[in-house]
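Step one of this worksheet: look at the structure below.
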Amino acid sequence: MNDTYLHLTLTHFPIVGSFIAFILLFSGYIQKSEGITKAALFLLVALALVTIVVNHTGEEAEEFVENMAGYSHEAIHEHEEMAEWAFRLMLATGLGAATALYMFRRKAQKTRLLVGLVLFLSLATCGLMVWAGKKGGEIRHTEVNSVSETNAPSENHAH
């Protein structure tokens, strides 16, 4: 297994996981459930760690694809730029989640406020992860960004 394979395999975890973590955290926050909230925070910390690996393996994946025919350097660059923002925001979200978990242990006063901030960050992270994933998909899967003429309504169809 090489870094390119690892990158392509693990890259889906932060995308899907950030959405799941947001839903869990939102549910825990609304229900004031410490258990659900802590589970979501742990998930965000784990996703931040996975995202570090995904980011680290991205460079080799880029070098591997760059040398293949039919790939757009522009698409690779767009993915790299968006992924860098998603990476930074995921790290901030993971750090906030780890801090909130620490505050839970200390029974700190402002824990709920920090969890609210992490909730906001996780929503933004979710959006950026999805966008970075879309840009990554466009590198290899040109159908992600194109509208097929076969899906367009026909002008000659019978009513």
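Among 108, 75, 83, the residue with the largest mean-square fluctuation in a Gaussian network model of the chain, with springs joining Cα atoms closer than 10 Å, is 108. When 110, 38 are sorted by how many other C-beta atoms sit within 10 angstrom of their C-beta, beginning with the fewest, the order is 110, 38.
Taking 19, 64, 42 as the candidate residues, the one with maximal mean-square fluctuation in a Gaussian network model of the chain, Cα springs under 10 Å, is 64.
Counting only residues at least eight positions apart within a chain, or on another chain, the lysines with an alpha carbon under 28 Å from that of residue 38 are 107, 110. Our estimate of slack between residue 73 and residue 9, defined as 0.36 nm per intervening residue step minus the Cα-Cα distance, is 20.9 nm. Placing a pseudo-label 7 Å from each Cα along the Cα-to-Cβ vector at residue 31 and residue 49 gives an inter-label distance of 2.5 nm. Just to be sure I understand the curve: with the Debye formula and one point per C-alpha of region 88-136, what is log10 I(q)/I(0) at q = 0.15, 0.25, 0.31 Å⁻¹? The Debye formula, applied to the Cα set alone, gives -0.42, -0.83, -1.07.
Taking only Cα atoms, what is the 0 to 90° angle, nearest 10, from helix 73-106's long axis to the longest principal axis of the chain? Roughly 10 degrees, rounded to the nearest 10. Equivalent-ellipsoid semi-axes for region 1-84 (Cα gyration tensor, √(5λ), whole Å, largest first): 33, 13, 8.
Post the alpha-carbon centroid distance, region 46-71 to region 7-38, in whole angstrom. Between the Cα centres of region 46-71 and region 7-38 lies a distance of 23 Å.
P(r) tail, the chain: Cα-Cα pairs separated by more than 21 Å, 52% of all pairs. Against the main long axis of the alpha-carbon atoms of the chain, helix 34-66 sits at an angle near 30°. Full extension of the segment from residue 110 to residue 60, taken as 0.36 nm per residue of separation minus the current Cα-Cα distance, would add 13.8 nm. Once the Cα-Cα distance is subtracted from the 0.36 nm per residue extended length, the residue 91 to residue 117 segment shows a gain of 8.0 nm.
Throughout, read-outs are computed from the coordinates displayed, never taken from laboratory work. Here the structure is a predicted model, which is why all the values come from computation and not from measurement. Cβ sites come from the backbone with ideal geometry, for glycine too, and all protein chains shown count toward neighbours.
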